[in-house]
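Since the structure comes first, as structure tokens, the remarks are kept for the end.
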Amino acid sequence: MLALIQRVTEASVRVDGEVVGAIGPGLLALVGVEPGDGDAQIARMAGRLLGYRVFADEGGRMNLGLADTGGGLLLVSQFTLAADTRSGMRPGFSTAAAPEVAEPLFSRLVGICRQKHSGGVETGRFGAHMVISLVNDGPVTFLLRS
């Protein structure tokens, strides 16, 4: 499981012109599910999303996680993140989990994050064409692997 996280001052997802998920300050996480991912990867990723220290403390150092700040979390499923881009000029998707496998795993990740994070967890819409708007704060962007 992969997550490209970005610290944001705000972010939203639109599907067919309608906002389906939006947050203020917090993290936008684009999530890719890979073949072989399961409960262990989901639990580890949830912990990393909520605890990865990308927010500044009083001294200006990145020492606080999302759980410490109470910020929002916007989770967006993005199978292209798991693409094989090592060769050629076109991505291959054999390294991404099939939608019927990925959707329930992504839903479990959302459920765990909602259970553990009181700051609010929003999502896009699995499998839909989504338009994502964000204001990257920093910019601060990291690729997490579980």
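Between rounded, prolate and oblate, where does region 60-120 land on the alpha carbon gyration tensor, with a ≥ b ≥ c its root eigenvalues, rounded for a/c under 1.5, else prolate if a/b exceeds b/c? Note, shape of region 60-120 comes out oblate. Karplus-based coupling profile of region 27-43, in residue order and whole Hz: 10, 9, 10, 8, 10, x, 9, 10, x, x, 5, x, 4, 5, 5, 5, 4, with θ = phi - 60° in 6.51 cos²θ - 1.76 cosθ + 1.60 and x standing for Gly or Pro. Is the shape of region 1-74 rounded, prolate or oblate, going by the alpha carbon gyration tensor and its root eigenvalues a ≥ b ≥ c, with a/c under 1.5 for rounded and a/b larger than b/c for prolate? Oblate. For the pair region 79-107 and region 12-77, the centres of their Cα atoms are 20 angstrom apart. Accessible surface of region 1-67, 1.4 Å probe: 46 percent of it comes from carbon and sulfur atoms. In the context of the full set of protein chains, residues of the chain present 53 Å² of accessible surface per residue (probe radius 1.4 Å, heavy atoms only). Seen against the Cα atoms of the chain and their longest principal axis, helix 99-116 is set at about 10 degrees. Peptides 2-10, 118-126 ordered by packing proxy, namely the average of other Cβ atoms within 10 Å per residue, highest first: 2-10, 118-126.
Only beta bridges with both residues in the chain are counted; by DSSP, about 75 percent of them are antiparallel. Counting only protein heavy atoms and a probe of 1.4 Å, the accessible surface of region 76-146 is 53% carbon and sulfur.
Measuring max minus min along each principal axis, the C-alpha atoms of the chain give extents of 45, 35, 33 Å (largest first).
Please compute the length gained on full extension between D68 and R86, using 0.36 nm multiplied by the number of residues separating them and subtracting their Cα-Cα distance.
Details: separation 18, 0.36 × 18 = 6.48 nm, distance 3.70 nm.
Full extension from D68 to R86 adds 2.8 nm.
The values are calculated or read from the model by the stated rules, or taken from the named source; none is laboratory data. Remember, predicted model here, so these are calculated numbers, not experimental data. Cβ sites come from the backbone with ideal geometry, for glycine too, and all protein chains shown count toward neighbours. Only protein heavy atoms, including side chains, enter the accessible area calculation; ligands, DNA and RNA are left aside. Shrake-Rupley method; radii C 1.70, N 1.55, O 1.52, S 1.80 Å.
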